Structures are given as structure tokens and as C-alpha cells.
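Read-outs throughout are calculated quantities, based only on the coordinates presented, and are distinct from any laboratory measurement. All figures in this text were calculated on a predicted structure; none of them were measured in a lab. In this analysis, Cβ positions are derived from the backbone assuming ideal geometry, glycine residues included, and neighbour counts consider all displayed protein chains.
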Amino acid sequence: MRRFLTLVCLLCLAIPAGISISGCTRNPDENYCNGLGYGLKVTDVASLTLTPQTGGISLAFGQTQQVATPYPKNCKGTAASVANNTYSWGTSNNQLADISPTGIICAGTWNRNTGGGIPNYTVCNKPNPLPSTNGLPYTVGYVTASVQSVTSNPVQVYIHSQVTSVGLVTQPLSGSGQQCFSQGAVASLDAQACFAGANNTQYVLCAPPSVTSSSNPIYACPGGLPPGVTSSQIPDCTSSIGTLNYSVGTTSIASIATNTTTNQVSITAEQPGTTVITASVAGSGSSAGYFSTCPPQSINLALADGSTEGTVTQGVTQNLTTTVLDTNNNPITGLTLTYQSTDPIDITAGTGGAITTNYPGTASIYAICQPSVCNPAPTNQIGLYGTGLSISSNPVKITTPGTASDYLWFAAPGLSQYFVPVELINGTVGSTVRLPFVPNSMVMDRLGTDLYFGSSHELMEYISATDTVAKVDTSAPGVVLAVSPNNTTLLINDQERQLFYIYSVKNGISATFGGMGNAAVWTPDSQTLYITDNAALNDPPDPTGQNPPKITGHTNTLYVYNATNGGWTTYPLPPSPLPTGTQPPVPPGSQPWSSLLPNVAVSSTMQTPAITIPSVGAFLRGNPTVAHTWCPSGNVGAYNSMVFYPQGPDPDNSVPVQSDVLAATTDGSHIFGASTSSGGITLSDIGVTVPAFNCLPSGVSDTSLATGNPLAPLVLENTWSQTQIAANASAVNQVVTAPETNMAFITYNPSGTSTNASLPYYLPGTGGAGGTVGYVTLGGSSASAITAPLAGAFSPDNSYFFVSTAGDNLIHYISIPASVTPSTPPTDVQQIAPNLPACTPVSAGGDDIGCTNSGSGSGIVPATVIAVKPRTTT
């Protein structure tokens, strides 16, 4: 009875507990995919995906590649877990596409049981025998992965001979084939591949149907078709060696897209230029070829009303309209152009052609498409279909009416250790500013920010706004020949070491190049620098042999420096005879040239070269007067044979006249050259026409600039006439062109002791006819003592011409009428005395190193350099 009661108690306790436990248990059927409690569980692998699903894997004989980890999914479509990635691998043919237990494919057969301590699956042996499909060394195998009795999709493995090179094949998606593609055009991108056959001869392995079905197929492989193989047997590369991977060298020129469904690759033309296209397959890559987006044929610049000349009020921003057509006559948008102004301080040309008028003045505005920022090309493809070449627009002449005041600076390099500022608004001559050393040169940047003085000891930089020193640099002695218009870079010629210094205003010397020069000028975009030299600047040898020449190393050479590519090039120039007498001419009061040392000698005849407008080239002094331009000569694709700034053909780029100094008019239609002759001056008026198509051949056909075709230098058509100017001149110093008109003043060094000198000016004729010469009577209490007008500069608003004179040592303000005619000539309305103190040379007992003064150092000297900057009148 006791046992029975115990059993009842246990049942009473167990039944509630059992009910409670079973009520908290999940339905076990939910662990199964069918929900019925049997079959595939939700944690099991239901499907297995092996990539790449399209495109396959490409391997050359003997190559290996790890297969990507498969993607397992359960029956719910989410990721399933595979413990330790324990996959099994399979292949359709382990003699061609063997695969190791860890999923590494071998294009051939893995080593197994090799012996000698060599582990299994470490050596991939090439297939033996090598596969052959229609006589070509390729085949296709398949690999799979499996786990938990689930097998993946098969992945194609393309097994083939090593690809030795790839040749690009492009075909327009619409229309016929062409040499370059207009912006936005789309082409299919394919290739033909080569392999090394017998004797390492390069044979075709695969090529697209556009090549193989051609009646006259052109194969990129030197050996052409393999022996016994016909064009119809050559497969497409995608079906034989797999999908090639393409990349663009310059992504701004073209973009590549791949259709993920068809694996078709397309390329879209973006911005003008030529870029290399690289193709890779099976671990080998090569430059497959080049793709060209058509370059500009023309760049047309105009005001809103379509005109190319207009007036813009001071302080107003005017947007220019830019229209660009490519060599297929299709429009180009988004082009990276550089807009240039011939007078950037008064009229600024900004990005996109926005013109800002800061002060009254006149400027020509034009746009440049210049590699490498616009229309670039690899160096070995410069000129291909017109890419890699610079293109200029037509100039647009902008005039901002009104008058402005000016700041002026006067100096006499070599003769004085001082410079003098003048503020025109009150006419007061400022205090003289003493430099650390006697300068040999003074140059102001086009923005009027800084004054740069060279010397035999150091570079001296002064801030124009305060006339205070900004920097001295003893590492850069020499003559400052030029400063870039954007005030970032100087050209200094260290004549002692016979080196050119490309000098960064911020960071100092950035590059050097061996040579000597006497004059230089930057193009308005601060990208190209022309430097001239003259063998006549060397000291003549002493017949006795007692005194070796002090100044040597000068040659008749043009140096061109391009800031974009950092390259220097040199070209021979015609001889440039110097005037008889002092060799070379020096400012009045200077010691003879033969007594001067390098980095001290200053020739007063320094104004050269003359940049054309637009800046496609430069005219250079000499006999004859020649022009070098930016269109290279040579053959497309033959970089080593190219000349990048050639003179161009005679007679167009050569004028049979002697020019000691040169200057370009603002409208770009004239180059004025002047030289002394029989005590007077001969002025040559060279009319210039810049071809609209620049470097492109006439008729504008890009197909004429295919690989191997000749590039033609730019032809500057010209006419010329000569006019005699009466002047007792030993040397011409300057031809100074007016900012608003084509008139020019001529300054010179005196000859003998003649006085009562006047200031000559020139007004060009029309239709190539000779112009008119006039003379300004110079005033002042000592006018009768004037021996020559030495140096001059226009005010930017064209209202004054400031000229220094020898004999009275004054500065004359020449008032310019609105229209200069014989009946309304310029007139001398005011004179000031800068009173530049003369330096005392060491030879005369002084300590002014670098002084070239022939006297004792007492008194004052005339200014030989003038710099002008506009200022507001309030």
C-alpha cells in the first residue's frame, strides 16, 4: 500500500511538470526546408555559386590562380555556413585545368608524388601535349566546387599560349570607321592577340571578326597567320583566351564600360587628345594601342553680339562666347582652355572667358588649347590626328575707356645703386631707394606686384606697393632677363657660371640649364619662355694675347623653355650684327664693354623677342629676321625626329631685313623691327597673318596626320616695308608699341655729341604700305642738351608715354591724343628729374661692386629702365 501511494504522488508531481516542459518546446519541423520535419535543413547548403559566372578565368600554359571562395546559400536564399571552407574541387580535364585540394587551378597538371621532398601541388607543369584547336594553341576547360553534396556552376577556364602582345581594335557603333572619334561618340573595343610560335615568331592567336572577315585583314602580329591557319579559323579573343581587361591612360580623353551580360566592351570619346589603352589577360599586359578624341579644328572667340572688338566699362565683367569645332566639324564642350590677355593688369581674362576690366586700357584676349592640360598626347604620338598640338583662337580686342593715374619706377642698372618711385597722381618724385648692390637689370611682373633686380652677388626683390625689400637671395646671382606674367617664375642668367636659372619666386631655383642669353620673354600664359643669345656679345680677342676675353660663351642661339613639360630645346639663329662702334652698345656714361665682367655687363639693346598675338610663336632679331613657332616638324610617331619650335619654311617665316629690336602691336597684325643704318634708324614694318587652323593642314583633315605622316611647321604669312627714321643713333634700344593703337615710339643711344634730339614715332600704313614717321619735340629748360631718348614706357590707359633722355637726365611726359595724326601729334607736356645718383666703380676708387660708370661717381645719371603700373585716381 505504501508503494502504491508513493507511485501516485510521483505521477501527480510529474504530469504538471511534463505539461509545462512540452509547452516551451519549438516545433522541430521548422528546422527543415519543407517544414515537415525531414529532408534538407535550413542550415544546410542548398546552392553554391562559383565566380566568375561570366567571362571565365584566363590562364597561360603553366600559370596558376586561386579560385575565388564560392558563395553558399541555404534554401532561404541567405548565406549558409561551411565549416573551415571545406570544399571539394572538380575539373573537366585534369590534364588541362588541374585543380588542387585548396582550389588553385593549374593551366596544365599539378605535381603529385614527385619525390625528392617536393610537396604535392607546388609545381604546375604545362599541358603535355599542348592543346591545339584548329591549329592554334588554346582550349577551354571547366572547374567546379562542391560541398555537402551540392555542386556549383561550372566556371570556364581558358587555357592558352602566353600572350606576347595585344593590338587594339576599335569600331564605331554606327557609321564607318574613322581615325579619331568626336566627343560623345561610342566605339566597340576589342583586340587581337599574338603568341610566340616557332623561332619566337609572333603569330596571331585571336582577333575580332571585323579584322578576320576583312577582304584585306591587317594583323598586329609580325608573323601574321600561323602556318596552315586561315583567317576563318582565327577565333574571337573572348571565346578563345577569355575577356581582356582594358584601362585608359588618360581618363579625361576616354572612358571604358563593359556590358556585364554580353561582356562587350565599349569606349566613349570624352575630351580631345590621344591616350594609351592597356589590355591585360592571364597576368600579361601590354600597351594595346591608342585612342584619339578629335582635337579642335577651330576656336572662335567673340563678344555677346558676335563681334571681335568692343568697349567694356571699367569694373564690368564681360563673358566671352567660345565656340569650338573639332576636325569632324562637331562641337566640343567642356574644353580646358587658357584665356590670355595682353594687358592682364588692366583687363583680366579669367577661367571660361570671363573678362574683368580693372583699369582703363586696351587688350587683346584669346584662348589657347595647349597640351598637356588640353588636347594631350603621349610624347611618341604627338601630332596623331592633330592631338598633342596647340590650337589658338582669334583675338578679341577689348577697350576700357577712361584715364587712370600711374605708379612709375626709374632705374639705371650698372650706373646707379638706386631706384626712384614716382606717384603720378601728385607728380611728386619719391625718395631714392638704395639697393644692397649695384643692379645689372630691373624687371617688373605684368601684374605690377614686385620689382626684381639682378646683380653679380644676389637677386634682389622689392615690393612695388611699399618700395621695400621682400627678399635677397645670394644663391641666384646673374641678370634677371624675364619674369612670368603671373609673377611666379623668373629667368636669371648667371653669366659667370654660364647657367640659366628657372627661379620660383616662392621656393628659389627649381631648374638649371647651360647657356648664355641677352633677352627673354614669356608668353602671356606663363607657359613658354623664348630666350635669345648673340655671339657678337663676346669680347673680341686681344691681338697681343696679353688680355684674354672676359665675356665669352655667347652664341647665336634660341632657347625655348616650356613650363608644362619642363623641357628645354635649342635652335640656331641667324647672325645678329651689332652696330659699328662700341661692341656691344652700352648706356651713355658706361665703361667700354671689353672692360666689363660677366654678371656686370649690361647691353642697352635687350628688347627681343616679339611674341605674336595670339602667342603661336616669336619673331627673333638678326639678319634675316626669323620666326619660330609652336607647331612641330617631323613625322607623327617619330618623337626623336621632331623639332618642336622650328623656324618654318622660307620665305614665310623669314624676312630679309636686319632687326636689332622687335615689338608686336596689340592687334597682332604687325611686328616692328628696327636697326641702325648710316647713323639713322631703319624701321621694318612686318605684317603678320596667323593661320586660323594653326598646326593642322589646310583643308583640316585628321586622316592626313596618321602615324608616319609629316607635320608641317606653322606658316606665318607676311608682308613688309621699310621706313627711314632720322636720328643720330649708335644703337636702337626699343620699339615701344602703344596699348590701344598700332603706333610706336623708338628709343636709342646717342651717336657722338649731337644735341637737340627729338623722339621719333611711327604710324603704320594700310594694306601693307609703308607708314608715317613723326617726331616729338622734347621740352624742358635743358632741351637743347638732349642727345637721345634712351628708354620709354606707355601708361596702360594710353594717355602718356614716359621717356628718359640723355643730356638733361630728365623724364618727359608725352601726352598722347585720342587719334594721332600729323596734325595732332603727341606733345611733351611735363618733365621731372628722377635724380638717380651715379655709382662709383672700383676702378675709380669706389666700393660699388658692379658699377659700370665710366666717371668718378659724382652727379646723376639718366634712367635706362622704366616700369609703369596703373593706380586708381581716388
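Computed on region 47-160, with alpha-carbon pairs under 8 angstrom and 6+ residues apart, the relative contact order is 34 percent. Using only the C-alpha atoms, the convex hull of region 497-609 corresponds to 132 Å³ per residue.
Using 0.36 nm per residue and subtracting the Cα-Cα separation, the extra length available between Ser784 and Thr230 on full extension is 189.8 nm.
What the pair-distance distribution of region 163-293 shows, using all Cα-Cα distances binned every 10 Å from zero, is 13, 44, 34, 9, 0 percent.
Entry note, the chain: the mean residue ellipticity at 222 nm calculated from DSSP H runs of n ≥ 4, each adding -39500 (n - 2.57), is -1000 deg cm²/dmol after division by the residues and rounding to the nearest 500. The relative contact order of region 303-400, computed from alpha carbon pairs under 8 Å that lie at least 6 residues apart in sequence, is 29 percent.
Protection proxy ranking for 726-735, 61-70, 259-268, 115-124, using the average of other Cβ atoms within 10 Å per residue and placing the highest first: 726-735, 61-70, 259-268, 115-124. Taking the inverse of the mean 1/r over every pair of distinct Cα atoms in region 232-375 gives a Kirkwood hydrodynamic radius of 18.4 Å. Annotation for region 68-116 versus region 165-240: alpha-carbon center distance of 35 Å.
The spacing between region 454-522 and region 315-389, judged by their C-alpha centroids, is 29 Å. A protection proxy built from the mean count of other Cβ atoms within 10 Å ranks the segments 438-444, 531-537, 334-340, most packed first, as 438-444, 531-537, 334-340. If you wrap region 252-326 in the convex hull of its Cα atoms and look at it from every side, the mean projected area works out to 8.9 nm².
If the label point is 7 Å along Cα→Cβ of Arg871, which residues in region 392-432 have backbone nitrogen under 11 Å from it? Hits in region 392-432 for Arg871 at 11 Å: 405-409, 421-430.
The lysines within cross-link reach of Lys471, meaning a Cα-to-Cα straight distance under 24 Å and a gap of 8 or more places when in the same chain, are Lys506, Lys869. Cβ-to-Cβ counts within 10 Å put Ser390, Ser372, Ser280, Ser781 in ascending order as Ser781, Ser372, Ser280, Ser390, the fewest first. Convex hull volume of the Cα atoms of the chain, normalised per residue: 329 Å³. Placing unit charges on each Cβ (+1 for Lys and Arg, -1 for Asp and Glu) gives the chain a dipole about its Cα centre, and among Ser504, Ala692, Val616 the Cα reaching farthest toward its positive end belongs to Ser504.
At the listed q of 0.22, 0.27 Å⁻¹, the Debye profile of region 74-153, built from one uniform point per Cα, gives log10 I(q)/I(0) equal to -1.02, -1.25. Only Lys, Arg, Asp and Glu carry charge here, each on its Cβ (+1 for the first two, -1 for the last two); on that basis the chain has a dipole of about 3380 debye about its Cα centre. Counting only DSSP beta bridges with both residues in the chain, the antiparallel share comes to about 95 percent. Across the options Asn94, Gly388, Gln831, the greatest Cα extent toward the positive end of the charge dipole of the chain (unit charges at beta carbon of Lys, Arg, Asp, Glu) belongs to Asn94. Measuring nothing but alpha carbons in region 541-699 and taking Rh as the Kirkwood radius, the Rg to Rh ratio lands at 1.02. If one computes the Cα centroid of region 555-624 and of region 798-864, what distance in Å separates the two points? Result: 23 Å between the Cα centres. Projecting the Cα positions of Ala706, Val312, Phe644 onto the charge dipole of the chain (unit charges on Cβ atoms of Lys, Arg, Asp and Glu, taken about the Cα centre) puts Ala706 furthest along the positive direction.
Listed from fewest to most Cβ neighbours within 10 Å, the set Phe410, Phe801, Phe693, Phe437 follows the order Phe693, Phe437, Phe801, Phe410. Fewest-first ordering of Asp685, Asp473 by other beta carbons within 10 Å of each residue's beta carbon gives Asp473, Asp685. Taking the 0 to 90 degree range and rounding to the nearest ten, how far is the long axis of helix 2-22 tilted relative to the main principal axis of the chain, both from C-alpha atoms? Once rounded, one gets 30 degrees. Stretched out straight at 0.36 nm per residue, the stretch from Thr78 to Ser431 would grow longer than its current Cα-Cα span by 118.4 nm. The aspartates and glutamates within cross-link reach of Lys550, meaning a Cα-to-Cα straight distance under 13 Å and a gap of 8 or more places when in the same chain, are Glu496, Asp539, Asp542. Contact order for region 163-293, expressed relative to its length and based on alpha carbon pairs under 8 Å spaced 6+ residues apart, stands at 28 percent. Entry for region 753-796 at q = 0.18 Å⁻¹: log10 I(q)/I(0) = -0.67, Debye formula applied to identical alpha-carbon scatterers, no solvent contribution.
Taking 0.36 nm per residue of sequence separation and removing the Cα-Cα distance, the Thr466/Glu30 pair yields an extension gain of 148.1 nm. In terms of overall dimensions, region 303-400 has a Cα radius of gyration and Dmax of 14.9, 48 angstrom. The calculated FRET efficiency for the pair Ala68 and Val373, based on their C-beta separation and a Förster distance of 35 Å, comes to about 0.25. Measuring r between the beta carbons of Thr569 and Thr707 and using R0 = 30 Å, the FRET efficiency lands at 0.85.
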